[in-house]
Each structure stands twice: as structure tokens, then as C-alpha cells.
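The values are calculated or read from the model by the stated rules, or taken from the named source; none is laboratory data. This structure is a prediction, so every number in the text was calculated from the model and none was measured. Quick reminder, even Gly has a Cβ in these numbers, built from the backbone with ideal geometry, and neighbours come from all protein chains shown.
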DNA sequence: CGTGAAATGAACTCTTT
DNA sequence: AAAGAGTTCATTTCACG
């Protein structure tokens, strides 16, 4: 939507102001604007979640190795039984199995993995919207940056 | 980036063509363009993954109930030990605990939940890029649509 | 707010089926 | 001949400073 249209809807505010606001939201890492690619459209019709156990001291390095892989769309640390949680895309289950056993399994520091297929997503991050009740004006951009940019 | 700039970089192609292509990618659900909100910027500094067991026959209904909740950013079916995998945002761990035990726990059909904190994300969907090696021109928009729009 | 740039809609071509 | 992709061009609208 053009900024001018947004300005019209927001009421008594200039189009220039709207553009400044959007710039600020992006600069302060409050929103991220971009395109998300549908892996199914590329023939990557299989999605799976992996739990990964890592030998102590290798966690960060393993996480970054995984994040660097093109099949991997999501990597996060996790508390609890497992150390890392990742999501991967594959052409088919054979492709997935090869990836888990040959690629992930051979990253130094990976102790154990377990795989769960994700047959269908019902809701995804890009659909998440701000809860109404939230006290929105609470935090400054300073505190946001201090907490780290990652969502 | 303006479409005209894209057209320049793509080589011998008109700026109008570039915009038609982008329109098509969106219409055919190959890419999704939008903004992702950083929950930390809203004071939702705690992220957690939940595994949910559902009593047989209630799966779809429970999944949709969860997806409707504003605290929930991600809902997916899962094979294996658990039926559903979701991600939630909370103000703090107290808020999270209340949400899990009072809100999720009271959805009819939810049999069991287990919660894992997500201390930090290393890579996320919006950072995922198309693997180079992929045979990109393979599938038509028909087959994409037939596979369903969900990513 | 004025100006240059970008988006839009419509007509036309080319190719493929 | 019909559908799809790309081009050109006139007009409206927007983004930028």
C-alpha cells in the first residue's frame, strides 16, 4: 500500500510522516519488511523439524554450521531435553533422510538427532499480528536494541 | 528496490515486465511479501515452543483454536510422539506459564503439553533463500496451487 | 509542495499449444 | 484461436528532498 494511502487512513497525518515512521520501524528493528519464499513452489514439498543434541561446548558452532545450510530455514537454541531445534526443507523423504544422516550427522559436535515430519502448517510467523491489549508505547528503541535484534 | 532498478540489473527486460513478474509470483503464492513484527520490540521477550498431545479426532479443531490465539505465532501438525507443535510469545515466564496452564490447558481436546523455552533464534524463515542447485523452472503454477498455498 | 520517478492500464506483438 | 509473456506508451499517482 502506498504511504499516501496509509496517511489517508491514519487521519490527520502527512504522507511524509508515514514514510518517516516506516523507516524508523525498520531501522529500529521493530518490523522486518521482505519476501518469504514458498518452498513447495520450488519442489521442496517435505518439511521436517529436527531436535539436535550437541556435545558440550560446541553449541554455538554447530548452530552456525546448521544455519549456513541452504536446506535449513530455522535454527534456534532450546532449553530442555534437546539443545537445538531446526526446520528443514527437502524434495522428498529420501532427500530428507540423506540430509539428516549424511549432512547433519557429520557436523562435528552433533551427538544425536531426532526427526519429525511437518505435514502441514496452520499458522506461521508472517501471519502473526500484534495483540490488541498490549501496552504498545512502553519501550524505547534503545531497550529494543539492547535486547538484540533477533526475533 | 524500485522495479526499474531490478529491470536494469536483470538485463534486457523492461521495467513493466518486472512488475508483472512480481505480481505473478505473489498471485501464484510463490512468494509472500509483507512485514514481520519483532515481538521483543513489543515487550514480548519470552519465546517458547510447545508440544501438544490431542485426543483423537480433535486435532484440526484444536489446531485452529490455537492458531486463533494472539500469543501464538506458529502452529503446525507433527508426526511422531506429539500431534502439534506451536510457538508462543509472552511478556515473561510467569505470563508464559499462565498461558500454557490456563489457556492452552483448557482447550477441549488438549491432552498433554510440554514447554521448551527458546532463548535465541539463530536463523528464521525470512532469512531463508533459494538453494542455488535447485531446478527452478520445473513446476507450473498449477502444480503449486494443487499442493496448497501453505508454506 | 514541486519535480522527477514509479506504478498503472491498455493496446499490440510474439510464441506456444 | 486462445492463453501466456513481454513490450511500448499515455496517464495517474507516488516518493523524495
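For residue A:18, the requirement of being buried (at least 18 other Cβ atoms within 10 Å of the Cβ), within 16 Å of DNA strand D (Cβ to nearest atom) and either more than 7 Å from chain B (Cβ to nearest Cβ) or assigned to a strand (DSSP E or B) (or both) is met.
Which ones in region A:128-138 are surrounded by fewer than 16 Cβ atoms within 10 Å (Cβ to Cβ) and at pLDDT 90 or above? Can you show your working first?
Restricting attention to region A:128-138, the residues satisfying the condition of being surrounded by fewer than 16 Cβ atoms within 10 Å (Cβ to Cβ) are A:129-138.
Of everything in region A:128-138, those that are surrounded by fewer than 16 Cβ atoms within 10 Å (Cβ to Cβ) and at pLDDT 90 or above turn out to be A:129, A:130, A:131.
Only one of the numbered conditions (1) within 16 Å of DNA strand D (Cβ to nearest atom); (2) at the interface with chain A (Cβ under 9 Å from one of its Cβ atoms) is not met by residue B:24, and that is (2). Before we move on, is residue B:26 touching a strand residue (DSSP E or B) at 6+ places or on another chain (Cβ under 8 Å) and within 16 Å of DNA strand C (Cβ to nearest atom)? So residue B:26 fits the description; yes. Within region B:27-43, how many residues are away from DNA strand D (no atom under 12 Å from the Cβ) and not in a loop (DSSP other than H, G, I, E, B)? Residues meeting the conditions: 11. When region A:1-15 is limited to residues that are assigned to a loop (DSSP other than H, G, I, E, B) and within 11 Å of DNA strand C (Cβ to nearest atom), the one that is farthest from the other protein chains (Cβ to nearest Cβ) turns out to be A:14.
Checking B:75, B:46, B:54 one by one, the residue that is facing chain A (nearest Cβ under 9 Å), more than 16 Å from DNA strand D (Cβ to nearest atom) and in contact with a helix residue (DSSP H, G or I) (Cβ under 8 Å, 6 or more places away or on another chain) is B:75 and no other.
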